[in-house]
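Working notes for the structure below.
The values are calculated or read from the model by the stated rules, or taken from the named source; none is laboratory data. Every value quoted in this text rests on a predicted model; they were computed, and no experiment measured them. In this analysis, Cβ positions are derived from the backbone assuming ideal geometry, glycine residues included, and neighbour counts consider all displayed protein chains.
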Amino acid sequence: MLSVSGIHKSFGGVLALAGASLDCAASEVVGLIGPNGAGKSTLVNAISGFLVPDQGMITLGGQPLQGRSPQEISAAGVARTFQNLRIFPDLTVRQNVEVALLRARRLNPDRAASLRTDDLLETFGLASRARETAGSLPYGTRRWMEIARAMATAPRILLLDEPAAGLNDEETERLHQVITLIRDRGDVGVVVIDHDLAFINNVCSRLFVMDQGRLIASGVPADVWRDPQVIEVYVGPGNRADTTEPIR
Ligand SMILES: Nc1ncnc2c1ncn2[C@@H]1O[C@H](COP(=O)(O)OP(=O)(O)OP(=O)(O)O)[C@@H](O)[C@H]1O
Ligand SMILES: [Mg+2]
């Protein structure tokens with residue numbers, strides 16, 4: 001359903017993406033992994049329209065997305081969360097979700113019309129905290145809220161940029177359940193970026209591995225972890241992944 005191929009993007013002299021590709025079907029959870037600076041967030045920014053790629057093709061259900069605005073891409077069915085949380089800390093949890101839903105209804109009346117704030121709060125375990133201000137919530141709960149806000153757009157593809165970062169084991173397990181719940185709806189594909197490889201291996205049926213802006217391997221986790229290039233990046237003698245930031 002989502003198809004991304006041959007994406008290039010440079011920032012001045014830095015070639016952030018040099019032929020990045022991935023694809024994701026409805027009802028599938030795929031992982032996008034790679035060391036710090038590999039280009040994962042840049043690729044998500046390109047897919048969601050937050051930056052315009054220099055080259056490459058991005059389609060959703062066969063329709064081209066590149067060159068369209070973030071609002072148009074959201075209306076087409078791509079939702080995302082951010083590596084750094086983007087919520088309204090002074091609004092309540094309910095208001096945060098409601099604002100996202102009102103915006104989604106304006107952008108995409110067809111798909112978002114049937115969604116209800118209460119259902120989203122219930123689905124993501126936020127009903128009991130609906131009246132609390134978002135800024136006062138534990139970090140994990142803010143993460144669910146961010147995902148609930150993304151789901152308020154009734155997406156066909158959900159892009160999650162490091163959703164497990166900063167979560168404890170219990171919260172990570174809950175996140176796994178939330179992603180499984182979304183997958184089991186049957187009409188949403190999920191792309192997950194994370195450095196928590198145990199979490200990634202548990203939740204994803206296929207992986208895309210990036211290094212230095214390129215796709216270096218893709219496939220089912222068992223095959224990917226046998227790939228010599230992946231081994232070199234993650235556990236090999238050069239082990240660039242380990243020299244930047246520890247793998248959580
Ligand atoms: N707006 C920008 N201007 C200049 N360089 C950028 C910009 N955004 C990203 N880069 C560079 O592009 C490269 C890829 O960065 P990106 O944030 O996509 O990596 P990442 O795989 O998400 O890393 P991390 O795991 O640390 O989040 C890096 O070298 C980064 O410094
Ligand atoms: Mg990133």
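Here are some notes:
- Across the stretch 33-67, the number of residues qualifying as within 16 Å of ILE216 (Cβ to Cβ) and either more than 10 Å from ligand 2 (Cβ to nearest atom) or in contact with a Cys (Cβ under 9 Å, 6 or more places away or on another chain) (or both) comes to 2.
- Tallying residues that are within 16 Å of ligand 2 (Cβ to nearest atom) and of a type in the set (Asp, Glu) within the stretch 159-179 yields 2.
- No other residue among GLY39, GLY56 is surrounded by fewer than 21 Cβ atoms within 10 Å (Cβ to Cβ), within 16 Å of ligand 1 (Cβ to nearest atom) and not assigned by TED's automatic domain parsing to the domain that holds THR141 apart from GLY56.
- Criterion: at pLDDT 90 or above, over 22 Å from GLU28 (Cβ atoms), of a type outside the set (A, V, I, L, M, F, W, C) and crowded, with 18+ Cβ neighbours inside 10 Å - qualifying residue of GLU146, GLU98: GLU98
- For the stretch 53-64, the condition of being part of a loop (DSSP other than H, G, I, E, B), in contact (Cβ under 8 Å) with a residue 24 or more places away in the chain, more than 15 Å from LEU158 (Cα to Cα) and in contact with a strand residue (DSSP E or B) (Cβ under 7 Å, 6 or more places away or on another chain) holds for at least one residue.
- Neighbours by Cβ (under 6 Å, 6+ apart or cross-chain): first from the stretch 13-27, under 20 Å from GLY62 (Cβ atoms); second part of a strand (DSSP E or B) and of a type in the set (Ser, Thr, Tyr): SER21/SER5; ASP23/SER3
- Of the residues ARG143, ARG149, ARG156, the single one that is within 16 Å of ligand 2 (Cβ to nearest atom) and either among the hydroxyl-bearing types (Ser, Thr, Tyr) or under 14 Å from the mean Cα position of the chain (by Cα) (or both) is ARG143.
- SER74 meets all of the listed conditions (1) under 30 Å from ASP184 (Cβ atoms); (2) of a type in the set (S, T, N, Q); (3) within 16 Å of ligand 2 (Cβ to nearest atom) but one, namely (3).
- Only listed residue being touching a Gly at 6+ places or on another chain (Cβ under 8 Å) and not acidic (Asp, Glu), chosen from GLN83, GLN95, GLN63, GLN55: GLN55
- Pairing each residue of the stretch 34-51 that is under 15 Å from ASP196 (Cα atoms) with any residue that is among the aliphatic types (A, V, I, L, M) and within 10 Å of ligand 2 (Cβ to nearest atom), provided the two are 6+ apart or on different chains, yields C-beta distances under 8 Å for LYS40/LEU32; LYS40/ILE193.
- The stretch 82-95, subset crowded, with 17+ Cβ neighbours inside 10 Å and aliphatic (A, V, I, L, M), residue nearest to ligand 2 (Cβ to nearest atom): ILE87
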